[in-house]
Amino acid sequence: MHPPRHLFIERLRERGLRATPERLSILDRAFGLRGHFDAEELVGAVRASGSPASRATVYRTLGHLVSTGLLRRHEMPEGAARFEPREGRPPHEHLLCIECGTMLEFVEDGIERLQGEVCRRHGFRPPTHSLQIRGVCRSCRRMAGRSTAPRNGPEVSP
């Protein structure tokens, strides 16, 4: 049995919930999507798989997947959350465009080291962390003819 599936079933049972075929199908589709996805993309993938799961079941199951730690939820500027699997992914951070909603992942060893140093200094052990830098992406700046710095931070060279 796939480790996320086993953990999900265990956590559902702890809450007195059943691991229904619909919930397991949603789990499988969520882990089958590449990159970041929103709830409606997952609804589409679940429907395309032939699962009878309703939109409401997908949304409720997304909540269970986040609360069990299998998915990470990212709040987006326009209000719709995006999700990504936590398992099997290297530590990474995000650049989020507040204009178009593009979410770019990046890995920066210096940030990882600094976070580790700060946690050690304060005797803090984080099971997880998230860094999201919000701004305007290169593409949106070009389309808008922007050459000035965003209102809340320094300009990053293109």
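Nothing in this text is a laboratory measurement; each read-out follows from the coordinates by a stated rule. What you are looking at is a predicted structure, and each value in this text was computed from that prediction instead of being measured. Methodologically, a virtual Cβ is constructed for each residue, glycine included, from the backbone with ideal geometry; neighbour enumeration extends over all protein chains shown.
Could you please state, rounded to a whole Å, how far the C-alpha centre of segment 1-58 is from the C-alpha centre of segment 95-127?
Cα centres, segment 1-58 to segment 95-127: 28 Å.
In nm, what is the difference between 0.36 nm times the number of residues separating His74 and Val118 and their Cα-Cα distance?
Details: separation 44, 0.36 × 44 = 15.84 nm, distance 2.32 nm.
Computed gain between His74 and Val118 is 13.5 nm.
Taking a label point 7 Å from the Cα of Arg34 along the Cα→Cβ vector, which residues of segment 88-113 have an amide N closer than 15 Å to it?
Those under the cut-off are 105.
Which of Leu71, Leu33 comes first, and how do the rest follow, when ranked by fewest Cβ neighbours within 10 Å?
Leu33, Leu71
Along the charge dipole of segment 1-89, pointing to its positive end and built from +1/-1 on Cβ of Lys, Arg, Asp and Glu, which listed residue (Phe37, Leu71, Ile9) has its Cα farthest out?
Ile9
Fewest to most neighbouring Cβ within 10 Å: what's the order for Ile133, Ile111?
Ile133, Ile111
Name the longest site-free stretch of the chain, where the excluded sites are GluC sites (Glu not before Pro) in a DSSP loop with no more than 14 other beta-carbon atoms within 10 Å.
1-74
Give the dimensionless ratio obtained when the Cα radius of gyration of the chain is divided by 2.2 N^0.38 Å. It would help to have the intermediate numbers written out before the result.
Details: Rg = 18.4 Å, N = 158, 2.2 N^0.38 = 15.1 Å.
Its radius of gyration relative to the 2.2 N^0.38 Å reference: 1.22.
List the relative contact order of segment 1-89 as a percent without decimals, with contacts defined as Cα pairs under 8 Å and 6+ residues apart.
The value is 29 percent.
What's the exposure ranking of Leu96, Leu42, going from fewest to most Cβ atoms within 10 Å?
Least crowded to most crowded, the residues run Leu96, Leu42.
Roughly how big is the chain's charge dipole about its Cα centre, with Cβ charges of +1 (Lys, Arg) and -1 (Asp, Glu), in debye to the nearest 20?
300 debye
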